[in-house]
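Read through the structure below, which is laid out as structure tokens, and then see the notes.
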Amino acid sequence: MRIVMTVLLAAGLLSGRPAVAGMNSPGVEAANALAAAGANLVYVPVKAIVALAGVPVGALTGLLTGGSTRAAYAVWVPTASGTWLLTPEHLEGSQPIEFFGTDYADRPSTAPNATGTIYDAVYRSR
């Protein structure tokens with residue numbers, strides 16, 4: 001009976017162990033974390049300077065285009081969004097680094113059956 005219980009316990013412990021696919025050694029993980037921290041000492045200030053420069057440039061662009069917020073956003077979104085902190089995943093290449101962001105909030109909806117919604121009401125002829 002003890003042998004059966006020991007085999008079942010060992011099988012349970014071994015089968016309940018998570019799979020370690022694609023993981024780095026602890027030394028590599030620590031090196032990536034330290035490298036990301038060191039890279040952020042340079043990357044974050046440069047990103048902040050670009051973002052702070054983009055605010056007045058975007059405002060001036062909007063002003064010179066007759067108050068067009070779309071024109072201002074065309075400068076603000078790339079300069080102020082994107083990747084702000086580098087992580088070990090960025091250095092491994094499993095996540096992309098976007099120094100200049102690309103996420104515009106005014107993209108058309110990708111939801112199915114989005115036609116005829118309240119958003120279209122502004123553009124309907126009366």
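If you go through the range 51-70 one residue at a time, how many are β-branched (V, I, T) and buried (at least 19 other Cβ atoms within 10 Å of the Cβ)? I'd like the intermediate steps shown before the answer.
Step one: filter the range 51-70 for residues β-branched (V, I, T), giving 55, 57, 61, 65, 69.
From what's left, buried (at least 19 other Cβ atoms within 10 Å of the Cβ): none.
Summing the residues that are β-branched (V, I, T) and buried (at least 19 other Cβ atoms within 10 Å of the Cβ) in the range 51-70 gives 0.
Pairs needed: first member in the range 71-89, part of a helix (DSSP H, G or I) and crowded, with 16+ Cβ neighbours inside 10 Å; second member anywhere, among the aromatic types (F, W, Y) and modelled with pLDDT under 90; C-beta distance under 6 Å; at least 6 residues apart or different chains.
So the pair list comes out as V77/Y104; P78/F100.
Return the residues of the range 40-85 that are polar (S, T, N, Q) and more than 15 Å from F99 (Cβ to Cβ); say none if nothing qualifies.
T61, T65, S68, T69
Tally time: how many residues in the range 23-80 are in contact with a Leu (Cβ under 6 Å, 6 or more places away or on another chain) and either among the aliphatic types (A, V, I, L, M) or over 25 Å from Q95 (Cα atoms) (or both)?
Total meeting the criteria: 3.
Regarding L91, is this residue at pLDDT 90 or above and either under 19 Å from the mean Cα position of the chain (by Cα) or of a type in the set (A, V, I, L, M) (or both)? Break it down into steps so the answer makes sense when it comes.
Working: at pLDDT 90 or above: no; either under 19 Å from the mean Cα position of the chain (by Cα) or of a type in the set (A, V, I, L, M) (or both): yes.
When the stated conditions are applied, L91 does not pass them.
Tell me which residues, restricted to the range 58-70, are of a type in the set (A, V, I, L, M, F, W, C) and in contact (Cβ under 8 Å) with a residue 12 or more places away in the chain.
A59
The values are calculated or read from the model by the stated rules, or taken from the named source; none is laboratory data. All values derive from a computational prediction rather than experimental measurement. Cβ coordinates were reconstructed from backbone atoms using ideal geometry, including for glycine residues, and neighbour counts include every protein chain displayed.
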